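Notes follow once the structure below has been shown.
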Amino acid sequence: MITLAGNLERITYQNQENHFTIAKLSVDGTRNLITILGYMAGITPGETIRVRGTWETHPRYGQQFKVDSFDVTLPASIDGIRNYLASGIVKGIGKKMAERLVDYFKDQTLLVIENSPEKLTCVEGIGEKKAQQLHQAWQEHHFLRRLMQFLQENGLKLSYAAKIFRQYGKEAIDILTVEPYRIAYDIPGIGFIIADTIAQNRGAKKDDPERIHACILFLMEQSISEGDTYIHEDELLQKCFEIFEIGYEEATEILEALSKAGDVIKEKSVESEGRTVVFAKSIYEAEIGVAKKIRAILSVPVESYPIESEQITAEVYKKLAIDLSPEQLGIIKEILADRIAVITGGPGTGKTTLIRSLNAIFEAYGETVCLAAPTGRAARRLSEVSGRKAETIHKLLGYSPQENTFQKNQDHPIAAGVIIIDEASMVDTVLMFYLLRSILLTSRFYLVGDIFQLPSVGPGNVLSDIITSNRVKEFKLEKIYRQSDESPIIINAHKVRNGEDLILDDHDDTQDLSEFYFLEQDNPERVVSTIIELCCRSIPNSLHLDPVNGIQVITPMHKGVVGTIHLNQELQKALNQNTDVFQTNGSTFKYGDKVMHLKNNYQKEVFNGDIGRINGIDMEERKFSVAYDDRTVEYDFAEADDISLAYAISVHKSQGSEYPAVIVPLMTQHFALLQRNLLYTAMTRGKELVVLIGTRRALDIALKNDKPKRRLSSLSKRIDTL
């Protein structure tokens, strides 16, 4: 085993999933930089590291050093300390601050920052508050690395470190060591796997009641994350045994205790031939609440407006300059007699026209109309196309992030006579419950959506379940109105809905683009290079679109050559030549990068799926900013796992948005996700151009596969029978 020590000059590549890294190391006594490669997390350019491993010769890149293990050593020389701090490693210390600190404290600088922060006030420009900030930043930086090493020692993903640190701070390692299963409840989704791995490594018993309790809740949480509102009891017990080696008797005992405590609800399913199913308490209450409120709304008579067809037509034309079709006019006349209804239709069938027309009619009668959608993107789009104010459902309900509650409820309802929800297929069971309980029984409630799109990310299949209950009227828009009847995007979208062969404009190159076409290519690497050519040159030159903002790559998977992770790395190289860069948690971001926010953050007022551009990087303060549609949001480097590159995004993340041009790779490697509704959702995001690139076999599989996983939900039956 050979040991090398030197300064880490730069990181040339790092896999965000497993932290495989290729970097350049400067070693004393050698003229050229040494290429090192291996699994290295938590390293930053400017640091001094010691690597252990072996030399190997690559046929193309020559001699490289393969790293088996490494550690970071703090610099001891004055120049080394100066360079280390000037690299921006410690938040709040840039080049000028590093110079002042090292000039004053010499080779004791790092010891002073760590152990005697009060002495820092001797340096010009540093007061007591700044001194404490530098001390805290130093501790956080080095503790985060220790946490990463702890995770690495336990065989866990290093990408978990930022979430754990944000949850527990400097107590993280102590908590994970002494009471590991605490994280299972504090960090949903990943907490149990982290806790169980650490506990098992330390010899914990598999039948420990605390482990079984956490395991059951984790498996239920997993089921909810897959869209189900419940899990079959026998399947839950089987998974406990097969995956986590927990005996049926032991798991049954803990499950019964959870049921008696009211943490879970067990019942005989009306959907599953009398099998016992298990609900999380909150999901059960939401499903019951939705069904009861819908039946309550249906029980309240509604007084129809005494308005004739001619009056409707005249009012709509006066306010919107739109001539209604017989289909649209008929729906408006009927829906005025319903307090609750669903409007469905594919692209170009006039859903937005119907929303605008209903808004005009109700306003003419003095009603207050609220327009809302599940996401910020969908709400902005609704506002743009309707010419009326629209907001997110959360904002309509007055969500309070500090208290994690909604201000609107049955005691403080929404003050509106009419509430119209667009993109209703994206509303899950829990959000629908909070929305419905805030609506007066005397209000009108209309859901507008496309049931052929993907269902909500959260649990349930609410829009579809409401329709299949046969209690709420569904009005279907089927005739195509948008653009022209010859629009190949819309025609092919409807063909996908019906599982029919598409009308394809075949091309063997990327020139002379039509509105919709299929580019056949069976080599994944070639697909990637063609996508880059389309984004960098062909589409911008043909349609005069901005290559970053005007084009969106949408792919079914995250992993693989044509998954979001690899595509984003390659598109970043091709589309963004900026050298203003920061690296954190294994990710590399540049000034000007197109990024997506990954989860709702109500304090920052930025939401899951919002796309923006990085417009500022402050290495000294270790902060960056992102410009979204209407404002700029600031992040700490530690919050970088809240965003991802967005040159390529998943189909689920594209819901509720439209883009001028869309590129969709379809490969047989995507087999598990080649489904009709997935293809349909991706295609219908494009307004001016849709390009499918891949194999005909993959396209055929997607068209024929109309059997996506059926979500487990009792809502339809509850609406029908409660």
Fill in the blank from the handout: Given the candidates 664, 690, 719, the one whose Cα lies deepest towards the positive end of the charge dipole of the range 626-719, counting +1 at each Lys or Arg C-beta and -1 at each Asp or Glu C-beta, is 719
Completion exercise
Inter-part gap, Cα centre of the range 444-470 to Cα centre of the range 619-637, in whole angstrom, is 36 Å
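Given the alpha-carbon gyration tensor of the range 381-466, what are the semi-axes of its equivalent ellipsoid in whole angstrom, ordered largest first, with each equal to the square root of 5 times an eigenvalue?
Details: eigenvalues 79, 54, 38 Å².
With the √(5λ) rule applied to the range 381-466, the semi-axes are 20, 16, 14 Å.
Starting from the eigenvalues of the Cα gyration tensor, five times each then square-rooted, give me the equivalent ellipsoid semi-axes of the chain, largest first, whole Å.
On the way: eigenvalues 472, 208, 142 Å².
Whole-Å semi-axes of the equivalent ellipsoid: 49, 32, 27.
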Handout entry: Between the range 676-722 and the range 248-325, the alpha-carbon center distance in angstrom
Key = 22 Å
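Skip the ligands, DNA and RNA, and give the accessible area per residue of the range 187-257 with a 1.4 Å probe, whole Å².
On the way: 3240 Å² over 71 residues.
With the other protein chains kept in place, the range 187-257 gives 46 Å² per residue.
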Fill in the blank from the handout: With the dipole of the chain defined by +1 on each Lys or Arg Cβ and -1 on each Asp or Glu Cβ, the option from 373, 330, 299 whose Cα lies farthest towards the positive pole is 373
Problem - In degrees, nearest ten, helix 351-364 long axis to first principal axis of the chain (Cα) - result: 60 degrees
Problem - the chain, relative contact order [Cα under 8 Å, separation at least 6], % - result: 11 percent
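Going by average Cβ neighbours within 10 Å, how do the peptides 615-627, 401-413, 311-323, 277-289 rank, with the highest at the top? If you can, show how the numbers build up before the last one.
Working: 615-627: 18.3, 401-413: 12.1, 311-323: 14.8, 277-289: 20.9.
Answer by packing, highest mean first, reads 277-289, 615-627, 311-323, 401-413.
State in Å² the accessible area per residue of the range 64-168; use a 1.4 Å probe, count heavy atoms of protein chains only, and round to the nearest integer.
Details: 5110 Å² over 105 residues.
That works out to 49 Å² per residue.
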Problem - Carbon plus sulfur fraction of accessible area for the chain, probe 1.4 Å, in percent - result: 47 percent
Handout entry: Size descriptor, Kirkwood hydrodynamic radius, that averages inverse alpha-carbon separations across the range 180-325, Å
Key = 18.7 Å
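Percent of Cα-Cα pairs more than 16 Å apart in the range 67-112, please.
34 percent
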Practice task
Kindly provide the pair-distance distribution of the range 510-653 built from C-alpha pairs, with 5 Å bins from 0 and whole-percent values in order of increasing distance.
Solution key: 2, 9, 19, 21, 20, 14, 8, 5, 2, 0
Problem - Cα gyration tensor category, rounded, prolate or oblate, for the range 607-718 with a/c compared to 1.5 - result: prolate
Exercise for the section: Using only Cα atoms, find the angle between the long axis of helix 281-299 and the longest principal axis of the chain, and express it within 0 to 90 degrees, rounded to the nearest 10. Expected result: 20 degrees
Exercise for the section: May I ask for the Rg/Rh ratio of the range 348-409, computed from Cα atoms with Rh as the Kirkwood radius, given to two decimals? Expected result: 1.05
Practice task
Rounded to the nearest Å, what's the spacing between the alpha carbon centres of the range 94-162 and the range 58-86? Just the number, please.
Solution key: 19 Å
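Based solely on its DSSP helices, what 222 nm [θ] is calculated for the chain when runs of n ≥ 4 H residues each add -39,500 (n - 2.57) and the sum is averaged over all residues, nearest 500 deg cm²/dmol?
Theoretical 222 nm ellipticity from helices: -11500 deg cm²/dmol.
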Practice task
Starting from the Cα of residue 495, draw a straight line to each of the aspartates and glutamates and keep only those under 14 Å, dropping any in the same chain fewer than 8 residues away.
Solution key: 478, 485, 486, 700, 706
Practice task
Give a residue-ordered list of calculated ³J(HN,Hα) values for the range 626-637 (Karplus: 6.51 cos²θ - 1.76 cosθ + 1.60, θ = phi - 60°; whole Hz; x for Gly, Pro).
Solution key: 10, 8, 9, 3, 10, 6, 10, 10, 9, 10, 7, 4
Handout entry: Charge dipole (debye, nearest 20) of the chain; +1 at Cβ of Lys and Arg, -1 at Cβ of Asp and Glu
Key = 620 debye
Problem - Cβ-placed point charges (K, R +1; D, E -1), dipole of the range 336-482 about Cα centre in debye, nearest 20 - result: 300 debye
Exercise for the section: Take peptides 251-263, 228-240, 550-562 and line them up by average Cβ neighbours within 10 Å, highest first, as a rough protection proxy. Expected result: 550-562, 228-240, 251-263
Practice task
Just need the Rg to Rh number for the range 14-105, please, alpha carbons only, Kirkwood Rh.
Solution key: 1.03
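Express the accessible area of the range 414-503 per residue in Å², computed with a 1.4 Å probe while the remaining protein chains stay in the model. Working shown, then result.
Numbers: 3380 Å² over 90 residues.
Normalised by residue count, the accessible surface of the range 414-503 is 38 Å².
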Practice task
Pop out the ³J(HN,Hα) list for the range 537-547 in order, Karplus 6.51 cos²θ - 1.76 cosθ + 1.60 with θ = phi - 60°, rounded to Hz; leave Gly and Pro as x.
Solution key: 10, 4, 5, x, 6, 7, 10, 6, 9, 5, x
Exercise for the section: With no solvent and one equal point scatterer placed on each C-alpha of the range 377-532, evaluate the Debye formula and give log10 I(q)/I(0) for q = 0.09, 0.19 Å⁻¹, two decimals. Expected result: -0.46, -1.27
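The values are calculated or read from the model by the stated rules, or taken from the named source; none is laboratory data. What you see is a predicted model; the values in this text were computed from it and never measured. Positions of Cβ are backbone-derived with ideal geometry, glycine not excepted, and every protein chain shown enters the neighbour counts. When the accessible area is computed, the model is the full protein with side chains, heavy atoms only, and any ligands, DNA or RNA have been set aside. Shrake-Rupley method; radii C 1.70, N 1.55, O 1.52, S 1.80 Å.
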